[in-house]
1. Return yes when residue 204 is farther than 23 Å from residue 10 by Cα, in contact with a helix residue (DSSP H, G or I) (Cβ under 6 Å, 6 or more places away or on another chain) and touching a residue at least 40 places away in the same chain (Cβ under 8 Å) and no when it is not.
2. Counting only residues that are part of a loop (DSSP other than H, G, I, E, B), over 18 Å from residue 188 (Cα atoms), under 23 Å from the mean Cα position of the chain (by Cα) and touching a residue at least 40 places away in the same chain (Cβ under 8 Å), how many does the stretch 128-169 have?
3. Given the conditions (1) assigned to a helix (DSSP H, G or I); (2) farther than 28 Å from residue 30 by Cα; (3) in contact (Cβ under 8 Å) with a residue 40 or more places away in the chain, report the number of the one that residue 216 does not fulfil.
4. For the stretch 27-48, does any single residue satisfy the condition of being under 26 Å from residue 196 (Cβ atoms), in contact with a strand residue (DSSP E or B) (Cβ under 9 Å, 6 or more places away or on another chain) and in a helix (DSSP H, G or I)?
């Protein structure tokens, strides 16, 4: 099934005939079965489906964290499947932001140092004005000198979001970004991701199992058995819950 967005012709990420097969022969598992999908720039998309549907595999392949068996993936005009390890590392560092469930902050660094780390690793100077805007938007101005253990879970995830946004990536991928947060803090982080789309023009693609989290997205893509089987525009938690129930989730 092909999922395309008609709102714009500007695509931040696209995949064509994407497959991922684990194993071989009669025991082979087809985690992705020829997925065609495009994600419009400046929109927030959630990917959902039952356990084993392939949603996490799809995100990991799109983000260059896992290699596809066949097919193509394009981000910022580059096909990830044709890049060598060094070129893929550069692309991930410069064009892709990540927000994980586990925060992945360096414990010995301050919040500001964690935010700046990807640029420092790339040997690039940061834009002070953009840093100030990101920090202000995420409400981190009085926490920049704190180390992760001095921050709440929500504050740590805000640092992770700031780190993801600072390079002005083509896309930010979120892998269950609110999975380790309480309901109130999770809502704050989702609102921040929503704001990054609305106010900064960021593209966000998030895998989640939570219909409430998906309700913050512009669109929800539904997966089952390694295939895209439907989508919801302007989703509500109730509509997402009903759609997941129809998939057996």
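Bear in mind these aren't lab numbers, they're just calculated from the coordinates by the rules spelled out. On a predicted model such as this, the values are computed, not experimentally measured, just so you know. All Cβ positions, glycine included, derive from the backbone under ideal geometry; neighbour counts span all protein chains shown.
1. The answer is no for residue 204.
2. Quick first cut of the stretch 128-169, residues part of a loop (DSSP other than H, G, I, E, B) only: 138-147, 151-152, 167-169.
So of that shortlist, the ones also over 18 Å from residue 188 (Cα atoms) come out as 144-147, 167-169.
If we keep only those that are under 23 Å from the mean Cα position of the chain (by Cα) too, we end up with 167-169.
If we keep only those that are touching a residue at least 40 places away in the same chain (Cβ under 8 Å) as well, we get 167, 169.
So the count comes out to 2.
3. Condition not satisfied by residue 216: (1).
4. Start the filter on the stretch 27-48 by keeping residues that are under 26 Å from residue 196 (Cβ atoms), which leaves 35, 37-48.
In the following step, the residues that additionally are in contact with a strand residue (DSSP E or B) (Cβ under 9 Å, 6 or more places away or on another chain) were identified as 35, 37-48.
Adding the requirement that they be in a helix (DSSP H, G or I) leaves none.
Looking through the stretch 27-48, none of the residues is under 26 Å from residue 196 (Cβ atoms), in contact with a strand residue (DSSP E or B) (Cβ under 9 Å, 6 or more places away or on another chain) and in a helix (DSSP H, G or I).
Condition check ((1) buried (at least 22 other Cβ atoms within 10 Å of the Cβ); (2) within 28 Å of residue 200 (Cβ to Cβ); (3) under 20 Å from the mean Cα position of the chain (by Cα); (4) without any contact (Cβ under 8 Å) to a residue 24 or more places away in the chain) across all residues:
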position: 28; (1), (2), (3), (4): no, no, no, yes
position: 43; (1), (2), (3), (4): no, yes, yes, no
position: 74; (1), (2), (3), (4): no, yes, yes, no
position: 89; (1), (2), (3), (4): no, yes, yes, yes
position: 100; (1), (2), (3), (4): no, yes, yes, no
position: 109; (1), (2), (3), (4): no, yes, no, no
position: 115; (1), (2), (3), (4): yes, yes, yes, no
